[in-house]
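Let me begin by presenting the structure, written as structure tokens, before commenting on it.
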Amino acid sequence: MAQIPKPLPVSPRRLDYEALVAKGYSGTVFDAHLETGEYREGVGDLRAALGFYLAAVELQPDHPAALRRAGEMYFRLGYFEDCLRLLTAAAAAGDTSAVVAYRLGRAAESLDRLSEALAHFDRSVAGSDRDAKTYYQRGRVHSRLGDLAAATDDLLKATQLVPQYLAAFYDLARIYALRQMADESLQTLRQIQGSRRMIQKVRRDRDFDFLRHYPSFWALLSGKITI
């Protein structure tokens, strides 16, 4: 379900550029706002960072870095429509990177626009085919769209790229269970057996119901079967 954004009264924040120059700053007014946004982002003040990035966008509306930074802040603050708007503009301005395509996919997915999300993830993979998180997110979208075979392929690829990717192993085991592939699901569950949090999720997740009549499933969850 798409998230409903909370009020976010963030407007562009303008610096006193003349005062900065008087103190020895030598960059442009645009650079000052972009750099201040980056600093605010670095210390975790995301709303202030967004304000300075929006000011940078006002100063140079077609600057891909400013558009991308503002779009990323909107995403982190939960404003996915605004994220899509800014990142689409960043792509149109020349930032066709895999990172921007990935973030567009995440924003579209968060709005339940799954076909759109899938197209963005496809572009991200085309630009960088070694990014495990993109395969993971695309696999989850395939799963939500009912294409369990494609979901399996993507989640398996994510675990191959990052062998410690517990979330990917969890979802891969879940998809195997939905496909009634018991041996594959149980073997994959062994990869997350050391995580109590993950095992508790498995216990609650109805997608694993197919395995519940297997004694080895309960033995694995209780730790009687070890890796």
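None of the figures in this text is laboratory data; all of them are computed from the coordinates on show. Please read all numbers here as calculations on a predicted model, not as lab measurements. Here the Cβ is made from the backbone with ideal geometry for all residues, glycine too, and neighbour counts use every protein chain on show.
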Taking only C-alpha positions in segment 10-73, Rg and Dmax in angstrom work out to 10.9, 32
Just order 136-147, 187-198 by mean Cβ neighbour count inside 10 Å, highest at the front, would you? 136-147, 187-198
Against the empirical 2.2 N^0.38 Å scaling, what ratio does the C-alpha Rg of segment 151-202 come to? 1.01
Only one of the values (i) 74, 32, 31; (ii) 74, 41, 33; (iii) 63, 40, 34 was calculated from this structure for Cα extents along the principal axes in Å; name its label. (i)
If packing is taken as the average count of other Cβ atoms within 10 Å, what order do 22-29, 74-81 fall into, highest mean first? 74-81, 22-29
Directionally averaged shadow of segment 96-161, computed from the convex hull of its alpha-carbon atoms, nm²: 3.6 nm²
How large is the charge dipole for the chain, taken about the Cα centre, if only the Cβ atoms of Lys, Arg (+1) and Asp, Glu (-1) carry charge, to the nearest 20 debye? 1060 debye
Return P(r) of segment 33-154 (all Cα-Cα pairs; 10 Å bins starting at 0; whole %; ordered from short to long distances). 16, 41, 30, 11, 2
Before rounding to the nearest 500, sum -39500 (n - 2.57) across all DSSP H runs of length at least 4 in the chain and divide by the residue total; then give [θ] at 222 nm in deg cm²/dmol. -20500 deg cm²/dmol
Can you tell me which of 89-98, 205-214 comes out highest on packing, and rank the rest after it, using the mean Cβ neighbours within 10 Å? 89-98, 205-214
Starting from the Cα-Cα distance between residue 204 and residue 128, subtract it from 0.36 nm times their residue separation and give me the gain in nm to one decimal. 23.9 nm
Normalising by the residue count of segment 81-175, find the relative contact order in percent from Cα pairs under 8 Å and 6+ residues apart. 19 percent
Calculate the length of the line joining the C-alpha centroid of segment 72-103 to that of segment 144-202, in whole Å. 29 Å
